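The values are calculated or read from the model by the stated rules, or taken from the named source; none is laboratory data. None of these values were measured; they are calculated from a predicted model. Cβ atoms come from the backbone with ideal geometry, glycine included; neighbour counts cover every protein chain shown. The area values use the complete protein model at the heavy-atom level, side chains included, leaving out ligands, DNA and RNA. Shrake-Rupley method; radii C 1.70, N 1.55, O 1.52, S 1.80 Å.
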Amino acid sequence: MPEVVDDARYRPVLGPAHATWITVGAMIGSGIFSTPADVARRTGSTAASVAVWVVGALLTLLGAVSVAELGAALPASGGLYVWLRRAFGERLAFLFGWAMLVVLVPSSVAYFASVTANHVAPLVGVSPRAVSTVTVLGCAAVNALGVAPAAGVQVAVTVARVVALAAIGLGGTFLGDAPAAPSPSPTALGLAAAVVPVLWAYDGWIDVTSIGAELRDPARDVPRALVRGVALVALVYVLVTLGLHHALGTPRLAVTPAPGLALGEALGGLAARRAVGALVATSTVGACLVGMLTGTRVIAAMGTAGALLRPLGAVGVAGVPQRAIAVTAALALVYLGWAPATRLAEVFVVGAWPFYAAGALATVALRRKEPALHRPWKTPAYPWPIVGFVVVTALMIVAFAIDDRRSVLASFGLIAVGLPAHALVRLRRPRGV
């Protein structure tokens, strides 16, 4: 099979700390500021809510250890795209690349820019559309400068928001004085339903695999970053959950549309509420940065492999795929004018997880197809983590389809357009390529 990406064009300048903090930054977006209310509503108690977040972390860890083997063995730029192509052939890989190009990356960037704007615009007195547009263009500009400056900014932003989130969680836990209220025992159905939004909040764990070619020691750093990143984010999420329950009380938390802002106000009044709003904006800007950093590598990998989209595979003098970055930014601006932030989030999350499951299955396929492939790190207790992750993914998609059929149809419909697009690529490609 021909090489998918000429990884020699990328510069391996990122170390283990970059890998870990990029993983953390990709996972922490805006979900932790809203999802705890949904979980509290479904569980009805502090203990049950914390248990759901822990279960979500363990299920996410199943996915991380399922793909870490390939992240160490095949650390190519584009990550999951490269594995799918090598394990299952060009069509499925193209469909994933197409999904990243037209749905997953631009819609996630637009979503995070929208949330940023909703929190910043009232403070600076300008329109949310202006703020979201500047956010998208600013993140694109930073990423176009090179992987080192983009990763440096992203790491700094992520460290700041992790510290701030931990402080908020500890403050709410030890300073909160909401009265305890009797809580009914949650039902098994309620607990299962609460896990779905929690898994969305953990999304982004796989993103570091897309920059394997830009890590100095990916065979070691990718598996460690996946495991450490999930563990650190789980700890932060549990701290914030405890803080929200202790400061607001479970009954109030369950009906609060913006629990992060309410927690800030409960601890320090209007000034603290504004500080938390600034933290939300900082968090979503960081997620926007890392989404563009990692997602554009997949788009560039697809461009390198296909004649019709070959210009997207170009890597400029800065060592980054500037054309893929520019196209992603342009499509994100289109999404900003097409749908509200909540709809963008739904379009993004429902389309990503089937490909995550396919990536886990690629680990199985390549063990059979390429048994001699050097594997510096192997999935523990193989194949049971992969089986568990695939089953959980299938259940999540079914649960989401039952809850919101329109979002599922919209997301999968846009992805399905990739099938005729792939046929067109095949027609345009020179023979023998």
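Can you tell me which residue within region 272-315, out of those that are closer than 25 Å to Pro259 by Cβ and in contact with an Asp or Glu (Cβ under 7 Å, 6 or more places away or on another chain), is surrounded by the most Cβ atoms within 10 Å (Cβ to Cβ)?
Val290
What's the number of the only condition in (1) over 30 Å from Leu175 (Cα atoms); (2) surrounded by 24 or more Cβ atoms within 10 Å (Cβ to Cβ) that Tyr237 fails to meet?
(1)
Would you pick out the residues in region 251-276 that are in contact with a helix residue (DSSP H, G or I) (Cβ under 7 Å, 6 or more places away or on another chain), β-branched (Val, Ile, Thr) and modelled with pLDDT of 85 or more?
Within region 251-276, just Thr256 meets the criteria.
When you scan region 340-350, do you find a residue that is under 30 Å from Leu145 (Cα atoms), open to solvent by less than 10 Å² (accessible area, probe 1.4 Å), at pLDDT 90 or above and in a helix (DSSP H, G or I), even just one?
no
Out of all the residues in region 206-228, which are assigned to a loop (DSSP other than H, G, I, E, B) and either surrounded by fewer than 24 Cβ atoms within 10 Å (Cβ to Cβ) or free of Cβ contacts under 8 Å to residues at least 24 places away in the same chain (or both)?
Arg216, Asp217 - these are the residues of region 206-228 that are assigned to a loop (DSSP other than H, G, I, E, B) and either surrounded by fewer than 24 Cβ atoms within 10 Å (Cβ to Cβ) or free of Cβ contacts under 8 Å to residues at least 24 places away in the same chain (or both).
Which condition number in (1) over 30 Å from Gly44 (Cβ atoms); (2) in contact with a helix residue (DSSP H, G or I) (Cβ under 8 Å, 6 or more places away or on another chain) is the one that Leu279 fails?
Of everything listed in (1) over 30 Å from Gly44 (Cβ atoms); (2) in contact with a helix residue (DSSP H, G or I) (Cβ under 8 Å, 6 or more places away or on another chain), Leu279 misses just condition (1).
Could you figure out which of (1) open to solvent by 40 Å² or more (accessible area, probe 1.4 Å); (2) closer than 18 Å to Ala87 by Cα isn't true of Arg375?
(1)
Out of curiosity, is Pro197 farther than 17 Å from Ala64 by Cβ and not in a loop (DSSP other than H, G, I, E, B)?
yes
For residues in region 17-34 being assigned to a helix (DSSP H, G or I) and more than 15 Å from the chain's Cα centre (by Cα), which is surrounded by the most Cβ atoms within 10 Å (Cβ to Cβ)?
Across region 17-34, the extreme among qualifying residues is Phe33.
Taking the conditions exactly as written (of a type in the set (A, V, I, L, M, F, W, C) and in contact (Cβ under 8 Å) with a residue 24 or more places away in the chain), does Ala271 satisfy them or not?
no
Taking Val102 as the residue in question, decide whether it is within 30 Å of Leu409 (Cβ to Cβ) and touching a Cys at 6+ places or on another chain (Cβ under 7 Å).
Criteria not met by Val102.
Would you please name the residue that is modelled with the lowest pLDDT, looking only at residues in region 113-140 that are among the hydrophobic types (A, V, I, L, M, F, W, C) and open to solvent by 30 Å² or more (accessible area, probe 1.4 Å)? Before the answer, list the steps.
Let us first name the residues in region 113-140 that are among the hydrophobic types (A, V, I, L, M, F, W, C), namely 113, 115, 117, 120-121, 123-124, 126, 130-131, 134, 136-137, 139-140.
Cutting the leftovers down to open to solvent by 30 Å² or more (accessible area, probe 1.4 Å) gives us 120, 123-124, 126, 130, 134, 137.
Details: Val120: 85, Leu123: 77, Val124: 80, Val126: 86, Ala130: 92, Val134: 94, Leu137: 96.
My answer is Leu123.
For region 116-157, what are the residues that are in contact (Cβ under 8 Å) with a residue 60 or more places away in the chain and in a loop (DSSP other than H, G, I, E, B)?
Result: Leu145, Gly146.
Give Leu70, Leu101, Leu61, Leu84 a once-over and let me know the one that is open to solvent by 30 Å² or more (accessible area, probe 1.4 Å) and either part of a helix (DSSP H, G or I) or at pLDDT below 95 (or both).
One residue alone meets the criteria, Leu61.
Yes or no: Ala394 modelled with pLDDT under 90, under 19 Å from Leu80 (Cα atoms), surrounded by fewer than 17 Cβ atoms within 10 Å (Cβ to Cβ) and of a type in the set (A, V, I, L, M)?
Here the answer is yes, as Ala394 does meet what is asked.
Starting from residues that are aromatic (Phe, Trp, Tyr) and either at pLDDT 90 or above or open to solvent by 10 Å² or more (accessible area, probe 1.4 Å) (or both), keep the ones in region 351-372 and report whichever is nearest to the chain's Cα centre (by Cα).
It comes out as Tyr356.
State which residue is nearest to Gly29 (Cα to Cα) when the search covers only region 249-260 and only residues that are open to solvent by 10 Å² or more (accessible area, probe 1.4 Å) and out of contact with any Phe, Trp or Tyr (no Cβ under 8 Å at 6 or more places or on another chain).
Pro257
Write out, first by first residue and then by second, each pair whose Cβ atoms fall under 6 Å of each other, whose residues are 6+ apart or on separate chains, and whose first residue, in region 419-433, is over 14 Å from Arg91 (Cα atoms) and open to solvent by 80 Å² or more (accessible area, probe 1.4 Å) while the second is modelled with pLDDT under 70 and in a loop (DSSP other than H, G, I, E, B).
Listed by first residue and then by second, the contacts come to Arg428/Ala307; Arg428/Leu308.
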